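The values are calculated or read from the model by the stated rules, or taken from the named source; none is laboratory data. On a predicted model such as this, the values are computed, not experimentally measured, just so you know. Here Cβ is always computed from backbone atoms with ideal geometry, including for glycine, and neighbour counts include all displayed protein chains. To get the accessible areas, we keep the full protein, side chains included, count just its heavy atoms, and leave off ligands, DNA and RNA. Shrake-Rupley method; radii C 1.70, N 1.55, O 1.52, S 1.80 Å.
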Amino acid sequence: MMKKIALVLLVGAVIFTGCSSSKTVTRVDSDSQIDLSGRWNDTDSRLVAEEMVRDGLSRVWVTDFVEENGKKPTVIVGIIRNKTSEHISTETFTNDIEREFINSGKVRVVQGGEEREELRKERADQQEFASAATTKRWGMERGADFILQGTVSSVTDSNDKQSLVFYQTDLELTHLETNEKVWIGSKKIKKVIN
């Protein structure tokens, strides 16, 4: 009986030891550039958003708008479509773009999509349940002057030893009242995977 118990404990210890030593996790700076698979990742999202917003805001449409209207333009980030064969979190990319716009101080950014609907639902709830002194009024939303839309596309080429992934991000900024495109930007990334 004692031999059976010792054998069960020994087998359990071997299984536990084998399972627990196979992985280690190391925390790294969130701005570190780490490519494990060669696919679109957080670094690509951040760098593309930074570069494209910087380029877009350096163009004449911003100063033209301020001169004509005496105020900063208001931008809404619309749909960024993923036309690649991989899963890309366009929500993360959209958040990176919005952060860059806001942090620039050159434009205002208004909420869009599902988040805007959540805000409107909250405002509707306040009409019924909040005190009159704290209820937020309807019809006070800031309307966007421009909408940013775009796509992320990719092309993959490979042989037995390596593959190449080419990403192209295209963004367009359009005046909402006139439908005039005021800026078109494109950013390309090429990755070789061995």
Quiz item: Lysine pairs in region 34-162 8 or more apart or on different chains: how many have alpha carbons under 27 angstrom apart?
Solution: 7
Quiz item: Any idea what the relative contact order of the chain is, in percent, if you count C-alpha pairs under 8 Å spaced at least 6 apart?
Solution: 21 percent
Exercise. Quick one: order Thr84, Thr63 from most to least accessible surface, probe 1.4 Å.
Key: Thr63, Thr84
Quiz item: Give or take rounding to whole Å, what are the principal axis extents of the alpha carbon atoms in the chain, in descending order?
Solution: 88, 57, 27
Quiz item: Longest segment of the chain with no trypsin sites (Lys or Arg not before Pro) in a DSSP loop having at most 13 other Cβ atoms within 10 Å?
Solution: 72-135
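Rg/Rh for region 111-194: what does it come to with C-alpha atoms and Rh from Kirkwood?
On the way: Rg = 21.8 Å, Rh = 17.0 Å.
With Rh from the inverse mean 1/r over Cα pairs, Rg/Rh is 1.28.
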Self-check item: Debye, to nearest 20: dipole size of the chain, +1 on Lys, Arg Cβ, -1 on Asp, Glu Cβ
Solution: 820 debye
Quiz item: In degrees, nearest 10, range 0 to 90: what is the angle between the Cα axis of helix 2-20 and the longest Cα principal axis of the chain?
Solution: 30 degrees
